[in-house]
Structure formats: C-alpha cells, structure tokens
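To start, the structure itself, in structure tokens.
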Amino acid sequence: MNQTIEKNFRYHAPTLANVEAHARIRDAARDFAQLIDDLVPQNAGREKATATTHVESAMMWACAGIVRHSKVDAATVPVSDWRCDNCGWRGTSLSIAEAPQRHAAYNQAEKMLCSGNLKRNDTQSL
C-alpha cells in the first residue's frame, strides 16, 4: 500500500499543542478573510469569493500539515476528567478535542442549552 495515502487518510488524534496551533492558524485565516471582505468591493463577487476560498483552503492544508506531521501518536494524547458546573455534565478520560463534543451530545440528548465552560478536574478551563 502507498504509505502517503495510508498516512493522509488515517485518523490523526489532536494533541493540546495541535489544538493551540490550529486555533492560531484559524484566527489568522479569519482575520485575513475579514480583511478581504472589508477591502475588496462587493461588486468583485467572483474575485472576492475565490480569494476567500483560497484562504479557507490554505487554513485547512496548514491544519492538515500540523496533524499529519506531528511526532505525537494517538497513544500519547493527554486525557483528563472534565466537568461543567453549569449543567452538571461529567466526562472521564477524554482528550481536549473530545470533551466539548461529548458535552454538546449530552446537552442535545437532554434537550438543554448549556453555555457553561468546561473545566478539567484540575480546574483548568477549556
């Protein structure tokens, strides 16, 4: 099997460092897309849309590059126990990427809208 294909289509578990790097990339891309929206005239529809699409594409490829070439494998992704003091949700042995997803699924199942901040049981907020 082609090793590049194998690597590119494999799940790449996020790490805390990856999550922070992704956030920085997304923030910079969002700021650049906003600059394009602010400065490029509305009547430049095709050009403006293409420029914005290329910013999105660059953001996605940069994030793929981060996770695909990270030296951390899934076995070393840090996990923690989490809680939400607002709705009472508790989660155990979840990564920083899994906790918000599980919290949202819990609230959806319970038909609740929770805007609480998730906290690790060591009291660090997400």
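Here ALA62, ALA74 are screened, and the one residue that is surrounded by 11 or more Cβ atoms within 10 Å (Cβ to Cβ) and modelled with pLDDT of 85 or more is ALA62. Set side by side, the residues ARG120, ARG90 differ, and just one is basic (Lys, Arg) and modelled with pLDDT under 85, which is ARG120. Whether any residue in region 85-94 is hydroxyl-bearing (Ser, Thr, Tyr) and not in a loop (DSSP other than H, G, I, E, B) is what I want to check. For region 85-94, residues hydroxyl-bearing (Ser, Thr, Tyr) and not in a loop (DSSP other than H, G, I, E, B): present. The set of residues from region 1-32 being in a helix (DSSP H, G or I) and within 12 Å of the chain's Cα centre (by Cα) comprises LEU16, ALA17, ASN18, VAL19, GLU20, ALA21, HIS22, ALA23, ARG24, ILE25, ARG26, ASP27.
The values are calculated or read from the model by the stated rules, or taken from the named source; none is laboratory data. Keep in mind it's a predicted model, so treat the numbers as computed, not measured. Every residue, glycine among them, receives a Cβ derived from its backbone with ideal geometry; neighbour counts consider all protein chains shown.
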